1. Tell me which label goes with the value of Rg and Dmax of the Cα atoms in Å computed from the coordinates here: (1) 18.9, 58; (2) 16.0, 47; (3) 17.0, 56.
2. Give a quick list of trypsin sites (Lys or Arg not before Pro) in the stretch 119-183 that DSSP marks as loop, anything other than H, G, I, E or B, with at most 14 other Cβ atoms within 10 Å.
3. Less than 11 Å Cβ to Cβ from His172, Lys/Arg counted +1 and Asp/Glu -1: what total charge do the surrounding residues give?
4. So for the chain, taking the charge dipole from beta-carbon charges (+1 Lys/Arg, -1 Asp/Glu), which of Phe79, Gln105, Trp31 sits furthest toward the positive end?
5. With a cut-off of 8 Å between alpha carbons and a minimum separation of six or more residues, what is the relative contact order of the chain in percent?
Amino acid sequence: MRKLIVPSILSCDFARLHDEVNAVKNAGADWIHVDVMDGHFVPNISIGIPIVEALSRISPPPLDIHLMIDNPEQFAEPFIIAGKEHVEVLTIQVEACQLLYSTIQNIKSMGVKCGVSLNPATPLSVIEEVIELIDVLLIMTVEPGFGGQKFIKNTLNKIERTRELIDKLPGHKPLIEVDGGIKIDNVKDVSEAGADIIVSGSGIFKTRDYFETIDNMKKIISNDQV
């Protein structure tokens, strides 16, 4: 499949949210990544349901919603409803979800792709029982909670091992998404390690020209397209 570049609005100018989303949309963003934080699972509070509702009213690119919150099973449905037909993927953190199997089933029953995310120190083994049920496996390459962090280099090995694991699956194969500290200077490494979906926040929104940045990222990873 064609690999995707997905800007994370955690790093955008929220005073100009509409303009920022349209700017990356026009610059070729494949999806928009929406980081939801509750101040409990991660030490920060970010985007809530009203922002997702607002996004749904401005004809955004497909929304890739990442719930970095406690008890995501209680909030998955409200966020999907808030984003309406624009929600492409809703991702939950394996460390925060007590009812992982049923939550995956509930998300998929609403016609949305389900993602499961692993923090940098969380081993791949925790998702063995559900990996063939999910649509996206998100590998965090920074500790979740704040934008602009430095990429943790040894997570490249984890991405490679994830690629090997998924390639060996006999049937359904989830896409590999990677998020955290990805910029022009390391996007090639992340792509070559096996990422299908590459999320970048400050690596896009803190650059002068969004079109140039996204276009350059796509050119860099173009040799890794499947």
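1. Matching the structure shown: (2).
2. Passing both the DSSP loop test and the Cβ count: Lys150, Lys153, Lys168.
3. So the environment of His172 carries a net charge of -1.
4. Checking the options against the dipole of the chain, the answer is Trp31.
5. Details: 456 pairs, mean separation 50.9, N = 226.
Contact order relative to length: 23 percent.
Read-outs: derived from the displayed coordinates by stated rules, not from any lab. Quick caveat: nothing in here was measured; it's all calculated off a predicted structure. Virtual Cβ from ideal backbone geometry, glycine too; neighbours counted across all protein chains shown.
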